[in-house]
Amino acid sequence: MTHVITQPAPSSAPPSAGPRSKRAWRPILIGWSFILPNFVGFALFTLIPMLAAFALAFLDWDSYSTPEWVGLKNFQRLLSDENFHVALRNTLFYAAGHIPLTLIVALGLAMALNRKIRGVQFFRTAAFFPYITSLVAVAVVWNMLFNPTAGPINQALEAIGIAHPPRWVASTDWAMPAVIVTSVWRDMGYYMVLYLAGLQTIPNEYYEAARVDGANAWQRFWSVTLPCLRPTTFFVLVMLTIQSFKVLDLIVVMTDGGPGRSTLVLAQLVYREGITEGHFGYSSAIALVLFVIVLTVTVVQFRLNERRSA
Amino acid sequence: MATLHDAPPATAGPPRDLPAGADRPGRGLVRKVLAYALLVVVAALVLVPFAWMLSSSLKRDNEVFTIPIEWIPREFRWSNFVEIWDRIPLLTYLGNSAFLSVTITLLQLLTGSFAAYGFSKVRFPGRDALFLAYIGTIAVPWQAYMVPQYIMMQRAELTNTYWSIILLQAFGAFGVFLMRQYYMSIPDELCEAARIDGLSEYGIYRRIMLPLSKPALASLALLTFVNTWNDYMGPFIYLTSNELWTVQLGLRSFIGQYDAEYAMMMTGAALSILPILAVFLFGQRYFIRGIATSGLKG
C-alpha cells in the first residue's frame, strides 16, 4: 500500500498549456468523468458515514431523541462502563493471539509449500480453501469440533492422556482461545498466499551464496529468507492488525460474545449499542476509540518499519 | 486442477529448490519423505473440519456425537440432502445470495475499473489526494461507520430491502485499488500511442484497457462474488424479512430453530459452500493473483 501512496508520478507536469486556458480543464473533466460513477456511491455510502461517525461520537442521540451536542460526555461514560472494559480486554486478547499465530502459521505453510514436489498444488489449494469458505459454516463446524464432551478435539485430547480437557466454547476461560484457533485456521491460507508471492521474489543466488559460505538451513532462513520477506511481513502485520481489531462476524456466529461476556469484543459492543439498542452517540464513541486504537497501532508499525529500513 | 503457483519467479534461473543436500546422496530422499510427512499432517489439520462437515451431514442426529467418533457413517443418509429443501426455503436463500452477489460484482467491476482508469491514466490536479482518501478508507474499521450507514438507510427507508446491501457494497474502494494496481503495470506509452491515433480516453478504456485487464477483472469478480456470497453481517443487520434472507442467514436461523439437529446443520453448511467450491476450482488462479496484487509493494 505504501507504494501506491508515495509513488511519484513519473510525468506529473500537466501539458504545458496556459494555466487558465480552457485546455487545462479538459483533463480534470475527463478524469472526473471516469471517477464519478464510483465516487458518488463511495462518497455517499462510505466517506460521509465515516465523517458522520466522528461527529456522532460527540452527540447524545438515541434513535428516538433529538441529537444534542454533549462534547466528551460519551467518552467519560466509557471510563465507568464495565462492558467496555471487558470488550477492550477481550479485543486485545484476541489480537495478541490471532496476529502472531496467523503470521507464524502462514509463514510456515508458505515455506513448506514453496517447493517443487509432486502434489504441492493440492496442498496449497487445501490450505487456501478455508479462507473462502462461508463463515457461518466454519463457525458451526468448529463449534461442533470444540464440543466439550463428544467433540473430536476433546476426544483426541483425552486419547493422549489429558483427563480433563478444556470445555472450550462452553467455558469462560477457553472460549476465546477456541475462537482464535478457528480464526487462525480460516485466515492462514490468505496470508500464506502473500508469503508465497514474497518467497518467489527472493533470488536463488542468495541461497547459493549462503550455501557456499557454509550456512545451514536454519542460518539461511534467518539471514536470507526473513530479511528478504520483510516487506511482506510488514504488509501482513498491518493487515492482520486491522483485521484483528475489527473481528465481529466470527464471534457473533460462534459465541455471540458468550459465555457471559468472555468473548465480547469492541466491534460487537459497537453493534449492540448502536444498532440493537439505538444508542447512536455512545456507540459511535466506542467506534471512535476502536478506530484510534487501530490507527495508533498501524502508525507505530509504519514508524518502526521506516526506522528499520533506514 | 489449476495451480496456486502463480506469482512469476523473480529470476529465470535454475529451478528454485535445488534438492537440499544434493552433494550427499541419500539425504535428499530423507528430506523429501519428511517434507511429505509434514504436508500430510498439515493437510489433515486443514481438512478435518471439512471431513467432519461431510461425515456429519450424512448421519442421523443422534449419530453425530459418538464416543468414539465414527468418521465414516454406519449408514449414509443421503436423504438429508433431500430433506433440507423442505425444512428451510433453501432455494429462495440460494437465489437471493446469487442475485446479490451477481449484482454487486457487476457494479464493482463496472464502476471500479472505470474509476481506476481515471486514477491511473488521466492526469489532473487533486487526483492523488483523492486516491489517498480511497486508500485511507480501506484501513478504517467498518464498524466505525456502521451506525451512520444504518441511520442513513433507515432514514431513506431502505432497510429490509436489497438496495441497502447493494448500495453499501457496490462502490467499495478495494475494487478501485485492485484495478488501479493492474492498470499501473500497463505502460503509459500504449495509451499515448492510442491518443496520437485519435482514440478518445473512453475509447482507450473500452478498446485497450478493458481487454488487457481481463485477468484483473476476473480476480476482482471472483473476490467480490465470494465476499458477497459469504457476507454475514450485512444481511444480518439489514434484512429482517425471511424471504429476503441469504444462505448465510438461512443457515444461522436453522441453528437457532433446531438446536439439536446437527446433521441438518452440516447438510446446510455443506450445501452453502458448494457454489463457492465450484467458483474456486474454476478460477483459483485469479483468486491468487488478486490477493497477491493486493499485497504488491514497491
Please work out, to two decimal places, the log10 of the ratio I(q)/I(0) at q = 0.08 Å⁻¹ from a Debye calculation in which every Cα of chain A carries one identical scatterer.
-> -0.54
Contact order relative to length of chain A, as percent, for alpha carbon pairs under 8 angstrom and 6 or more apart = 26
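What net charge do the residues around B:Thr267 carry, taking every other residue with its C-beta under 14 Å from that of B:Thr267, with Lys and Arg at +1 and Asp and Glu at -1? Mind dumping the intermediate values first?
Numbers: positive: B:Lys59, B:Arg60, B:Arg77, B:Arg87; negative: B:Asp61, B:Glu63, B:Glu83, B:Asp86, B:Glu261.
Taking every Cβ under 14 Å from that of B:Thr267, the sum is -1.
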Size of charge dipole - chain A - debye, nearest 20, with Cβ of Lys, Arg +1 and Asp, Glu -1, no other charges | 1260
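Decide, for the protein assembly as shown, between rounded, prolate and oblate: order the square roots of the alpha carbon gyration tensor eigenvalues as a ≥ b ≥ c, take rounded if a/c falls under 1.5, and otherwise choose prolate if a/b is larger than b/c, else oblate.
oblate
Quick one: if the Förster radius is 45 Å, what FRET efficiency do B:Phe76 and B:Leu132 give, using the C-beta to C-beta distance and rounding to 0.05? Intermediate values should be presented prior to the final figure.
Working: r = 57 Å, r/R0 = 1.26.
So, using R0 = 45 Å, E works out to roughly 0.20.
Checking an interface number: how much accessible area is buried between B and A, summed over both chains, with a 1.4 Å probe, in Å² rounded to 100? Can you show the working numbers first?
Numbers: alone 18390 and 19040 Å², together 27630 Å².
Separately minus together, B and A give about 9800 Å² buried.
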For A:Asp60, residues with placed amide H under 5 Å, excluding near neighbours | A:Glu68, A:Trp69, A:Val70
Partner chain coverage, peptide A:274-282 - average Cβ within 10 angstrom | 3
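Would you calculate, for the protein assembly as shown, the mean residue ellipticity at 222 nm contributed by helices, counting each DSSP H stretch of 4 or more residues as -39,500 (n - 2.57) and dividing by all residues, to the nearest 500? Let's see the in-between values first.
Values: 29 runs with 400 residues, N = 608.
Theoretical 222 nm ellipticity from helices: -21000 deg cm²/dmol.
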Could you give the size of the charge dipole of chain B about its Cα centre, using +1 on the Cβ of each K and R and -1 on the Cβ of each D and E, expressed in debye and rounded to the nearest 20?
-> 860
Just round it to a whole percent: the fraction of Cα-Cα distances in chain B exceeding 26 Å.
-> 61
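The values are calculated or read from the model by the stated rules, or taken from the named source; none is laboratory data. Remember, predicted model here, so these are calculated numbers, not experimental data. Note that each Cβ is placed from the backbone with ideal geometry, even for glycine, and that neighbours are counted across all protein chains shown. Please note that ligands, DNA and RNA were not included when accessible areas were found on the heavy atoms of the full protein model with its side chains. Shrake-Rupley method; radii C 1.70, N 1.55, O 1.52, S 1.80 Å.
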